[in-house]
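Worksheet: one structure, shown below.
All of the numbers you see were taken from the coordinates with simple rules; none came from a lab. Just so we're clear, the structure is a prediction, and the values are computed from it rather than from any experiment. For neighbour counting, all protein chains shown are included, and Cβ atoms are generated from backbone atoms with ideal geometry for every residue, glycine included.
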Amino acid sequence: AGALLEQRHFIEDQRRYLYEDIAARVPANLAIVVGIVPEQEQGTEPEQEQEPETGSALIDQTVVIQGGRVVALCASGAGSAQICEIMVRGRNVRLALVLNQSCFAYGQLQERRERCAALARKHGMPLVFLNAVGIGDTVKQFLIFDGGSMAMDSTGKLLGNLARFTEDYGIITLDLDHEAGPGDKAALAPASACSSVNVSPDKYEEIYEALKFAAQEVFRLSGIKKAQVHLSGGVDSAVVGAIAADAFGRENTVFITNPTADNSEHLKDLAHEIARNLGIPLWSNPTGPIYEETVRQHIAAFGVEPTPAGRASIQAVTRTVQGLAASHTFKTGILAAGNHTEIVLGWASFHDIGSTGVMSLIGDLTKREVFGLADYINRRFSFACGSEKPDKPIPRMLFDQDEAHFVKPAAELADSKEDPIDYDLMSGICSLLGRQHMAPEEIIRQFADRRLDAELFPETVYQKAEVFADEVWRAFRMSQRTVFKSGQAAPIPLVAPRRPGVYAQTLGTIINRYLGRYESL
């Protein structure tokens, strides 16, 4: 709820909905359990507790409603179950209900299952884990709540799951009066309507489903029915375009390309190929005439030509101006295509089309993860279409670094024909800096000890000992210098595991003189 927790009228209104609308509709033969935010004394802060590993916020008050009235009210820490640790109180407790809002992160589903099973065994009672489904935001980030509620018996055996990334319901029947033996407080009666959910899904399948769900929910809640993606011919916009086509449908997805004089014919052709593969028309709106006129006006006003960086800024922001105008024509919301590595490094022109829009869909994925997601998208789309073509819908040369004709990532602007970034190094380095807020010297120590996360770095990383430390410090300093860019860019849906409490992609504030290590005065 974010800032809503600070608004007293919000707290009062949600209680009115509970007591005057919801409670009145609950029949006598049904009990419901609802988590709410309790009223606070004037001038006090709402209590919030954090789950150590997932960053989930506790429901502060649990209400039990039956027959049109509240029959039980449990303050935080006083009920039969809480999120961080199950706290059993009273000898007659026979069922643990865990009302949760656990943010999505890829790879977390198995951890949730293991934690719930361990708590059920520890307390010798069935446990029902109820997770929220939907989107929350902190203005700069979108938090994804993926559902996937589950039920365990007293031995930790999984009784059933609910679906993820959609509202769902299921019925679990428990005989709580059955006593099978010491520590066994309940048994499962033969009735279950819960669906089966893969507890160890593919990393990129999880990411794809999470981003598709986030895009659909954010646009739905914002009242926007169509998505707009600017295809450059590179892998980032191709991935965003593919997800948009699936999430909104071809008829509700608009593709635009804004070539500059510095774009190669090859990249222009790739943009058209990607659009054709996805079955969506590509509108071409070149920047050339506007760019040339802006350069002339600059020379007339200041008596000098723009610098290469100035020319690149004109090109990049012209795309944004064209994109915003088009969004009003087509009544669309722009999906930005910047990735995590670029965002941490500030490798983008201020307010360019890659960082402007309703949301930056792949802004929490490193460049190497974007490559992996592109490969998954090709497999997913080929399977769905019954096609075995290896380069559909995203040309393989855009993401397969072993491909003979691999296309190196390139902004293709006046000051940069190719990205001056070793993404095999920088993807992992920026992940550790941005997601874990790890100190540069600790990253360098992990490299020296050969302890770097194999999920983040390729095996060849240890062949780059001569440059690794310099690249770490380069990434740290670039991030500090460019916080103002990410601070004003499109919000990002978070999908990657991160250190508890870390939500920002950057390492600090705009005004920040910290050197990243202790240096004696």
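Residues with amide H under 5 Å of Thr138's amide H, sequence separation 5 or more or different chain, H placed in the peptide plane at 1.01 Å from N; which?
Leu143
If packing is taken as the mean number of other Cβ atoms within 10 Å per residue, what is the order of 122-131, 7-16, highest first?
Descending mean neighbour count gives 122-131, 7-16.
Could you order peptides 138-150, 393-405 by the average number of other Cβ atoms within 10 Å of their residues, highest first?
With the highest mean Cβ count within 10 Å placed first, the list reads 138-150, 393-405.
Which peptide among 514-520, 456-462, 153-159 comes first, and what is the full order, when sorted by highest mean count of other Cβ atoms within 10 Å?
153-159, 456-462, 514-520
Please list the non-local residues whose amide H lies under 5 Å from the amide H of Ile334, H modeled 1.01 Å from N, same-chain partners needing a gap of 5 or more.
So Ile334 has HN proximity to Gln228, Val358.
Cα centroids of the range 342-374 and the range 106-149: how far apart, whole angstrom?
Centre-to-centre (Cα) distance: 28 Å.
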